[in-house]
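The values are calculated or read from the model by the stated rules, or taken from the named source; none is laboratory data. What you are looking at is a predicted structure, and each value in this text was computed from that prediction instead of being measured. Cβ atoms come from the backbone with ideal geometry, glycine included; neighbour counts cover every protein chain shown. Surface areas here come from the heavy atoms of the whole protein model, side chains and all, with no ligands, DNA or RNA. Shrake-Rupley method; radii C 1.70, N 1.55, O 1.52, S 1.80 Å.
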Amino acid sequence: QVQLVESGGGLVQPGGSLRLSCVVSGSIFRVVPMAWYRQAPGKRREMVASVTVGGITNYVDDVKGRFTISRDNSKNTVYLQMNSLKPEDTAVYYCNNQLLTSTSHVFSWGQGTQVTVSS
């Protein structure tokens, strides 16, 4: 019954910035490691950034130095600040549990938010 609601996507030019937000319903958010995933047309969904309960972050090499993931446990929200965007970043972005194999905290995928980087 936990719901994930992503927002903040849009159309930006190469080199531009966007800040994505993900609001998680319920009271268990603060004990769940979270991550941002993306799925480009014709490709499989992949993790791009994660943040632990304590705020430790990790990034895929393709976005390291450009993206910043953070969380606000008081607001049940995960953020993804995206700078220096490239056309290759174009995808639908989703948030979810960092551990998709978890059996204790299984969240259904939200609708995602579209990010399009183009001139």
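Being buried (at least 16 other Cβ atoms within 10 Å of the Cβ) and assigned to a loop (DSSP other than H, G, I, E, B) is the filter here; which residues of region 20-42 pass it?
Val32, Pro33 - these are the residues of region 20-42 that are buried (at least 16 other Cβ atoms within 10 Å of the Cβ) and assigned to a loop (DSSP other than H, G, I, E, B).
Using the structure shown, decide if Gln1 is modelled with pLDDT under 95, among the polar types (S, T, N, Q) and either open to solvent by 20 Å² or more (accessible area, probe 1.4 Å) or out of contact with any strand residue (DSSP E or B) (no Cβ under 9 Å at 6 or more places or on another chain) (or both).
Taking the combined requirement at face value, the residue satisfies it.
When the residues of region 43-73 are narrowed to those that are outside any strand (DSSP E or B) and either under 11 Å from the mean Cα position of the chain (by Cα) or at pLDDT below 95 (or both), which ends up nearest to Glu6 (Cα to Cα)?
Once the filter is applied, the top-ranked residue is Asn73.
Contact list please: Cβ distance under 8 Å, first residue in region 10-34 and under 13 Å from Val51 (Cβ atoms), second residue basic (Lys, Arg) and surrounded by 13 or more Cβ atoms within 10 Å (Cβ to Cβ), pairs at least six apart or on different chains.
Close Cβ pairs (under 8 Å, with a partner that is basic (Lys, Arg) and surrounded by 13 or more Cβ atoms within 10 Å (Cβ to Cβ)) amount to Met34/Arg71.
Here are some residues: Thr52, Thr113. Which one is touching a Pro at 6+ places or on another chain (Cβ under 6 Å) and surrounded by 13 or more Cβ atoms within 10 Å (Cβ to Cβ)?
Residue meeting the stated conditions: Thr52.
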